[in-house]
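The structure appears right after this line, and notes come after that.
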Ligand SMILES: CC(C)(COP(=O)(O)OP(=O)(O)OC[C@H]1O[C@@H](n2cnc3c(N)ncnc32)[C@H](O)[C@@H]1OP(=O)(O)O)[C@@H](O)C(=O)NCCC(=O)NCCS
C-alpha cells in the first residue's frame, strides 16, 4: 500500500484595495522611498482601512477566492486552520467564524500562531492530519491584519508590514506529491526582540499603556535581521542536504517576505538563481502569515506538476524552518 502524502491542490488569495506607498509613508514618518527600497525591497503594501473588519474578513475573501476558482463545495471541507498572529479577538477563534462564513459547515476549525512562521508550521499540521489518514482535506489560510498592531508613528515597523491573506487546500495524494520533508525550530530567548508586549495575559492593557502605544508591535530590527538571515538560510540548506537535493533539483524558493535582503541571503546560501526565487515583497511588504500563500498564488500559473518547491520562514518567538514540497498540478488556467 502506498503511503498517503499531503499535496496542495488549490490556491486563493486576497489583499485589500488601499495601497500604502512609500511616498505616502514619507508624509507620515521621517523616511524616504530610497531608504525603504534599498533596505527592504518594499515599494508598497495593502491596508484594510475599515476598523470594523478584522483578519477574518481577509481570510474569508481568500478562502472564497480559492473555492470559486476551483468550483469547490465548501461542505466537503473537513478542517479549516487559520494561521494568524492577529486574530479577530481573544477566546473566539477566527477560524470558526471564517469556516461558518464560507459555508464549511461540516468542518472543525482552529487558529494557529507562530508569528511569521504561522503558515509554514500550519503546512506541517495540515499535512499531518492528512498523512495520518484521519482527514482527506484541510483548508489552510494564512491571514493577518498587521495594521491593527502597527504604530504608524514608528518608522522602524510601519514601513515593513502590510495586510493580506492566502489560502491553500491540502488533499491526500497517492503519487508521492506534496509535503516531503520539514525542518522546524523555535527559540523563545528571541521573544524580547520582536513582540507586542501589552494586551496578552502577562502584561495588562491599562489606559497608560494604551496612551503610550504599548499594544503595538515592537522590534529590534538589527537583531531580528541577523537571526532571520542565519536561521532561514540554515534551515533551507539543511532541508536540501537531508534530501540530497542540489540547486539544480530546486525549481522554486518560496521564502517569507520579510526583507528582500533576507530572501537574497537565503537564496545565495543554497546558490539559487534569481529566476527561481519567488518575490512579491515589493507589492505587499511583510504580511506575516500571508506571505507564503500570497507567493504561491502569484506564481501558481508558473508552477508545474512535480516541481520541487523549498519553503522557508522566520518569525517572532523566534520560530523558523524550511519545508520541501513537490508541487501537484499544472496550471488550471
Ligand atoms: C528594520 C530594518 C529594515 C532596518 O534596517 P537596518 O539596515 O537594520 O537599519 P538599522 O535599524 O540598523 O538603522 C540604520 C539607520 O537607519 C535609521 N532608520 C530606521 N528606520 C528608518 C526608516 N524607516 N527610514 C529612514 N531611516 C531609518 C535608523 O534610525 C538608523 O539611523 P542611525 O544610524 O542614525 O542610528 C531591518 O533591520 C530589518 O529588516 N530587520 C528585520 C525585520 C523583520 O524582518 N521583521 C519581521 C521578522 S519576520
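Observations on the structure shown:
- Annotation for residue 275 and residue 242: the two label points, set 7 Å from Cα along the Cα-Cβ direction, are 3.0 nm apart.
- With 0.36 nm allotted per residue and the present C-alpha distance subtracted, the residue 100-residue 226 stretch has 41.3 nm of extension available.
- FRET efficiency, residue 50 to residue 124 (Cβ-Cβ, R0 41 Å, nearest 0.05): 0.80
- With a Förster radius of 45 Å applied to the beta-carbon distance between residue 212 and residue 68, the computed FRET efficiency rounds to 0.55.
- Largest mean-square fluctuation among 308, 297, 243, in a Gaussian network model of the chain whose springs join Cα atoms under 10 Å apart, belongs to 243.
- Mean projected area of the Cα convex hull of the chain, taken over all directions, amounts to 16.5 nm².
- DSSP beta bridge pairing in region 5-176, given as percent antiparallel to the nearest 5: 70
- Most mobile listed residue (128, 147, 189) in the chain, GNM with C-alpha springs under 10 Å: 189
- Extension reserve of the residue 191-residue 37 stretch, reckoned as 0.36 nm per residue once the Cα distance is removed: 52.8 nm
- In the elastic network of the chain, a GNM with C-alpha springs shorter than 10 Å, the most mobile of 313, 167, 267 is 267.
- Sequence of 15, 309, 125 once ranked by neighbouring C-beta atoms within 10 Å, starting from the fewest: 125, 309, 15
- Fewest-first ordering of 171, 220, 182 by other beta carbons within 10 Å of each residue's beta carbon gives 220, 171, 182.
- In this label model, residue 329 and residue 17 are separated by 3.0 nm, measuring between points 7 Å along each Cα→Cβ vector.
- For region 179-326, alpha-carbon Rg and Dmax in angstrom: 17.0, 56
- Within the chain, percent of DSSP bridges classed antiparallel, to nearest 5: 70
- Paramagnetic reach from residue 282 in region 31-54 [backbone N under 20 Å; point 7 Å along Cα→Cβ]: 32-47
- Cα gyration tensor shape of region 76-153, rounded if a/c is under 1.5, else prolate or oblate by comparing a/b with b/c: oblate
- By the count of neighbouring beta-carbon atoms within 10 Å, fewest first, 72, 48 end up ordered 72, 48.
- The spread of Cα positions in region 5-176, taken along each principal axis and listed from longest to shortest, comes to 54, 35, 28 Å.
No lab work stands behind these numbers, since they all come straight from the coordinates. Given the structure is predicted, the values throughout are model-derived calculations rather than measurements. Note that each Cβ is placed from the backbone with ideal geometry, even for glycine, and that neighbours are counted across all protein chains shown.
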